[in-house]
Amino acid sequence: MFSALSSVEGRFRLWGAAMLLLAAVFAGLVAPHMRVETSIFALLPADQRDADAEQAVQVYTDQLARNSIFLVGAKDFATARSAAQAFTGSLNASGEFSQVRVSVDRALAEAARADLPYRDHLLAARHRGLLEQDQLQRLHDEAMRALYTPAGFMRPFNAAEDPLGLLSAFITEQRPPTGRARLQEDVLALSGGELTYVLVVAQTARSAFSVATEEAAGKAIADARLAAAAAGAGDIVGSGVIQHAAAAVASGKHEMSLFSSISLAGTVLLMLLAFRSLRPLLLTALSMGLGAIAGLTACQWVFGQVHLVTLIFGSSLIGTSVDYAIFFYADRFRDNADWQPRLAPAFVTPGIALGYLTTALSFLGLLLAPFPGLRQIALFSSVGLGVACGCVLFLLPRLARSWPVPPQALVLRLIRGLAALPRITAPRTKLLLALAALLFIGGGLLRLGFLDDVRALQSSPPALIQQEVRMRELLGQSADRRFFLVRGDSAEQVLQREEALREKLAPLLADQRVGNMLAVSNALPSLQLQERNHALLASKVYAADGLLPKLMRELGYGEDAVSRQLQLFAAGSAPLRPQDFFASAASEPYRPLWLGQVGAGYASAVTLFDVRDPDAMAQAAAGLPGVRLIDKIADISEILYRYRRIAALLIVAVYLVTGLLMSRRYGYGGAAAMLLPAVGGGALALAVLAWAGVPVNLFHVLALLLVMGMGSDYTIFLREARGAEAPALLAVVLATLTAVLSFGLLGFSSTPFLRAIGLVQALGVTFAVILALALRPRRDGTVRA
């Protein structure tokens with residue numbers, strides 16, 4: 001006994017020192033620098049087929065996610081404009097947005113002036129076509145009409161600066177599509193029902209997937225809405241990732257707080273009812289807290305961040321980590337007269353250690369999945385549960401105390417009742433129940449449906465979804481989820497490939513099978529095209545007998561003025577180059593589309609609007625070098641489908657490996673019997689979902705791994721109980737209640753990913769425990785007085 005006690009003391013000191021070091025590292029190095037990720041796509045695997053393409057897509061989506069648009073509506077234009085200015089002022093004052101714009105007239109003028117030095121190389125596509133077809137008279141007539149009608153006053157440049165309107169047409173053609181919004185005074189406005197709306201564009205200063213940004217930007221938007229309402233706004237419609245991300249953070253924090261509180265309250269109540277002492281409760285909380293700190297530290301160290309989903313999942317891990325402490329304290333009722341905590345490890349260590357190994361094997365199986373979110377959960381759970389398990393085995397024997405239990409205590413009556421639970425021993429009864437279960441499972445699996453669409457993993461409040469719909473209705477256009485990624489060895493090659501793509505899509509734009517598109521080459525032609533433009537202007541417009549001299553003579557200009565214009569053109573000007581374009585005001589709408597240098601080359605994105613014939617669009621662009629249609633939704637959904645099938649094979653492999661490990665201790669027949677409750681629990685859970693009409697996705701399937709780990713835990717606890725069986729029964733029942741409480745709460749999560757795991761886990765564990773209790777072997781169930 002002395003050697004056992006001294007080894008308990010040694011393990012306590014070593015483990016205690018390690019835990020103090022862990023707490024210090026977490027407080028000093030981890031917690032201050034912890035970054036919480038919220039993007040749903042961060043949970044999903046990257047495209048390993050083309051790392052450069054994946055990097056380019058990531059850059060584009062991150063830039064796009066920072067942008068938001070708002071429509072501020074009121075009964076009349078003046079009030080709407082005033083309310084929009086109040087909205088803009090409030091957002092600017094928050095400091096969370098790098099740019100907020102309502103007034104656009106000055107921006108349009110600056111953008112137009114930025115192109116003036118390069119006018120000799122810039123042409124609208126329509127004018128280039130007319131020049132190539134020698135339709136000079138048509139250009140002449142249009143220029144004359146503009147001089148004597150109000151249309152000429154709407155051009156960016158006057159007749160003295162741009163007599164033929166060539167540069168004005170180029171400027172007008174390159175402006176981003178604004179749907180039904182039109183310039184009114186200095187803002188973009190539109191009518192919607194009885195209200196007039198003014199458009200406001202905003203961009204966050206930092207990543208939209210930073211929790212700090214989401215919380216601060218969400219509050220800034222809420223404050224801006226109040227400011228606009230005070231200025232007379234009757235309706236404010238918003239669209240943008242930041243609003244959905246802010247709602248997800250708020251919902252996640254609420255769930256984390258609520259689920260943790262309910263789970264903790266339930267655990268506290270069960271512990272107090274069972275053990276009638278605060279010390280077991282406090283020591284259990286210590287082991288859980290240290291486990292959570294270890295899990296967070298491991299995730300931050302390995303991944304450099306912690307996903308919000310991992311935090312929510314971790315908040316419900318209480319139901320699992322408490323199992324080991326419950327099993328330890330249940331040993332108190334093995335010897336009611338003379339129980340000593342320091343001697344308990346001899347009785348509980350095999351069950352706790354083997355139970356942890358099977359659970360860890362299940363979680364570690366998730367590390368094989370290519371999903372960053374699942375790998376985080378797997379690492380958090382494996383490390384966190386391992387530390388919690390170590391605390392129970394190394395700290396509790398030294399810190400725990402025995403406590404008096406009256407002979408008629410509720411817990412003793414419960415133990416005696418559990419010991420009397422019926423077993424299924426009759427072969428005929430077993431056969432009938434097995435047939436009934438097989439029929440239920442088989443019928444359910446035949447009805448089982450699957451849903452691999454990644455949109456099923458995303459959830460937003462109905463109010464925000466309604467705002468997105470309303471925004472599309474008001475603007476009359478919406479950006480498509482698909483876009484083209486254009487890559488090349490140089491910026492020039494990217495621009496040339498964009499122009500080839502635009503040419504291929506032109507017929508679809510003409511017949512409205514594609515509503516509109518936005519590409520950098522709209523405003524920044526390739527050098528090749530600029531030289532072509534310059535040659536056309538030199539031969540058709542600025543030649544001695546060209547269109548410009550003819551028009552000027554008709555308008556009464558003298559030969560000196562005509563000669564001066566021709567000499568200015570002949571003196572030459574440099575073409576518009578990427579570095580000059582992106583340094584100018586004209587590039588502002590296009591900067592998110594230009595991805596710059598990516599890997600060994602360059603890349604850009606081409607945005608699409610209102611795609612009505614996606615097949616024709618994909619076919620038109622097929623075969624263009626360096627051009628790839630990106631449909632992130634379809635790509636990720638295909639990945640989910642592929643890995644759901646792989647996950648099924650992974651589950652079979654984990655069950656086989658677990659069975660082989662168990663067979664070394666229990667033999668092949670014993671291992672099969674030990675796994676039966678977990679296998680049956682998982683199958684019954686899937687059958688229940690099928691009969692209820694719930695489609696299954698990858699995360700339902702992966703949750704079966706967790707059912708296997710926890711179901712095996714409870715079977716091992718019952719099998720490895722030393723001495724009386726009743727304390728093990730108490731531990732299993734209490735552990736099941738806390739686990740079902742924790743994971744059952746996840747079944748009510750607004751995050752579909754967590755809801756799937758929680759639902760399968762709660763059902764599977766419940767069925768697994770029922771089977772484990774019903775099929776347990778007969779043992780001594782007495783408690784020593």
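The values are calculated or read from the model by the stated rules, or taken from the named source; none is laboratory data. Since the model is a prediction, treat every value here as computed from it, not as a measurement. Cβ sites come from the backbone with ideal geometry, for glycine too, and all protein chains shown count toward neighbours. Surface accessibility is based on the protein's heavy atoms, side chains included, excluding ligands, DNA and RNA. Shrake-Rupley method; radii C 1.70, N 1.55, O 1.52, S 1.80 Å.
Probe radius 1.4 Å, ligands and nucleic acids left out: which of Tyr324, Tyr148 has the largest accessible area, and how do the rest follow? Write down the numbers at each step before the final one.
Values: Tyr324 0, Tyr148 160 Å².
Ranked list, largest accessible area first: Tyr148, Tyr324.
On the accessible surface of segment 588-743, probed at 1.4 Å, how many percent belong to carbon and sulfur atoms?
64
Hey, which aspartates and glutamates would be in cross-link range of Lys219, C-alpha to C-alpha under 13 Å, not counting anything within fewer than 8 residues on its own chain?
Counting by Cα, and skipping residues close in sequence, Lys219 has these aspartates and glutamates nearby: Glu96.
If you put +1 on each Lys and Arg Cβ and -1 on each Asp and Glu Cβ, how big is the dipole of the chain around its Cα centre, in Debye rounded to 20? Kindly include the intermediate steps, with their values, before the conclusion.
Details: 69 positive and 60 negative charges, 829 e Å.
Dipole magnitude for the chain comes out near 3980 debye.
Calculated from the structure, Rg/Rh (Cα atoms, Kirkwood Rh) equals which of (i) 1.12; (ii) 0.97; (iii) 1.10?
Correct label, based on the coordinates given: (i).
Give, in nm to one decimal, the length gained when the segment between Ala648 and Arg13 is fully stretched (0.36 nm per residue of separation minus the Cα-Cα distance).
Values: separation 635, 0.36 × 635 = 228.60 nm, distance 4.35 nm.
Full extension of this stretch gives 224.3 nm more.
Heavy atoms only, probe 1.4 angstrom, no DNA, RNA or ligands counted: give me Tyr542, Tyr668, Tyr602 ranked by accessible area, highest first.
On the way: Tyr542 40, Tyr668 175, Tyr602 70 Å².
Greatest to least solvent exposure: Tyr668, Tyr602, Tyr542.
Counting only the heavy atoms of the protein chains, how much of Lys504 is accessible to a 1.4 Å probe, in Å² to the nearest 10?
Lys504 has an accessible surface of roughly 100 Å² with all protein chains in place.
Quote the accessible area belonging to Leu650 in square angstrom, nearest 10, computed with a 1.4 Å probe and with ligands, DNA and RNA left uncounted.
30
Using the Cβ atoms and a cut-off under 12 Å, what net charge is assigned to the surroundings of Gly252, where Lys and Arg are +1 and Asp and Glu are -1? List each step's numbers first, then the result.
Numbers: positive: Lys253; negative: Glu37, Glu214, Glu215, Glu255.
For residues surrounding Gly252, the net value is -3.
Could you tell me how many degrees, from 0 to 90 and to the nearest 10, lie between the Cα long axis of helix 491-510 and the main elongation axis, the longest principal axis, of the Cα atoms of the chain?
Around 80 degrees separate the two axes.
Cβ neighbours within 10 Å, averaged per peptide: list 123-130, 211-218, 236-243, 460-467 in order, most packed at the top. Don't skip to the end; give the middle numbers.
Details: 123-130: 18.2, 211-218: 20.4, 236-243: 22.2, 460-467: 13.8.
Packing proxy ranking, top to bottom: 236-243, 211-218, 123-130, 460-467.
Would you mind counting up the charge near Gln467? Only other residues with Cβ under 15 Å from its Cβ, with Lys and Arg at +1 and Asp and Glu at -1. Before the final figure, lay out each step's value.
Values: positive: Arg225, Arg470, Arg472; negative: Asp235, Glu468, Glu473.
Spelling it out: positives minus negatives among the neighbours equals 0.
Which net charge results for the neighbourhood of Gln597, defined as the other residues with beta-carbon distances under 12 angstrom from its beta-carbon, given Lys and Arg at +1 and Asp and Glu at -1?
Working: positive: Arg487; negative: Asp52, Asp489.
My count for the surroundings of Gln597 gives -1.
Students often get this wrong, so check it: of Lys504/Lys632; Lys75/Lys504; Lys75/Lys253, which have C-alpha atoms separated by over 32 Å? Before the final figure, lay out each step's value.
Values: Lys504/Lys632 22 Å; Lys75/Lys504 44 Å; Lys75/Lys253 38 Å.
Listed pairs above 32 Å: Lys75/Lys504; Lys75/Lys253.
What does the highest-first list of 298-308, 609-619 look like by mean Cβ count within 10 Å? Present the calculation step by step, with values, prior to reporting the outcome.
On the way: 298-308: 19.2, 609-619: 15.5.
Output ranking for 298-308, 609-619: 298-308, 609-619.
Rounded to the nearest 10 Å², what accessible area does Arg225 show when all protein chains are kept and the probe is 1.4 Å?
Near enough 60 Å² of accessible area.
Please arrange Ser82, Ser260 by accessible surface area, largest first, computed with a 1.4 Å probe and ligands excluded. Write out the running numbers ahead of the final one.
Values: Ser82 55, Ser260 30 Å².
Solvent-accessible surface, decreasing: Ser82, Ser260.
Hey, rough spin-label estimate for Ala222 and Asp186, points 7 angstrom out along Cα→Cβ, what's it come to in nanometres?
Here the answer is 3.2 nm between the modelled labels.
Under 19 Å between alpha carbons, and skipping anything fewer than 8 positions from Lys550 in its own chain: which aspartates and glutamates qualify?
Asp120, Glu132, Asp134, Asp141, Glu142, Glu161, Asp162, Glu559, Asp560
Among Phe363, Gly73, Ser539, whose Cα projects farthest towards the positive end of the dipole of the chain, with charges put on the beta-carbon of Lys, Arg (+1) and Asp, Glu (-1)?
Most positive-ward Cα: Phe363.
Of Leu395, Ala344, Ala690, which is farthest on the positive side of the dipole of the chain, counting Cα position, with +1 on Lys and Arg Cβ, -1 on Asp and Glu Cβ, and the Cα centre as origin?
Highest projection toward the positive end goes to Ala344.
Report, in deg cm²/dmol and to the nearest 500, the calculated mean residue ellipticity at 222 nm for the chain, where each DSSP H run with n ≥ 4 adds -39500 (n - 2.57) and the sum is divided by the residue count.
Details: 29 runs with 489 residues, N = 785.
Counting only the DSSP helices, I get -21000 deg cm²/dmol.
Output the peptides 108-115, 23-30 sorted from most to least packed, where packing is the average of other Cβ atoms within 10 Å over each peptide's residues.
Numbers: 108-115: 17.9, 23-30: 13.9.
Put in order of decreasing packing, that is 108-115, 23-30.
Mind giving me the nanometre distance, one decimal, between the label points for Arg276 and Lys75, set 7 Å out from Cα along Cα→Cβ?
Taking the simple label geometry, Arg276 and Lys75 are separated by 7.3 nm.
What accessible area per residue comes out for the chain, rounded to a whole number of Å², with a 1.4 Å probe? If you can, show how the numbers build up before the last one.
Values: 33750 Å² over 785 residues.
About 43 Å² of surface per residue is accessible.
Calculated FRET efficiency, Glu54 and Thr429, Cβ-Cβ r, R0 35 Å, to nearest 0.05?
Numbers: r = 57 Å, r/R0 = 1.62.
The value I calculate is 0.05.
Among DSSP bridges having both ends in the chain, what percentage is antiparallel? Round to the nearest 5. Mind dumping the intermediate values first?
Working: 46 of 50 bridges.
DSSP beta bridges in the chain are roughly 90 percent antiparallel.
Work out how much length Arg447 to Arg564 would gain on full extension: take 0.36 nm times their residue separation and subtract the Cα-Cα distance, in nm to one decimal. Before the final figure, lay out each step's value.
Details: separation 117, 0.36 × 117 = 42.12 nm, distance 8.25 nm.
Taking 0.36 nm per residue and subtracting the Cα distance, the gain is 33.9 nm.
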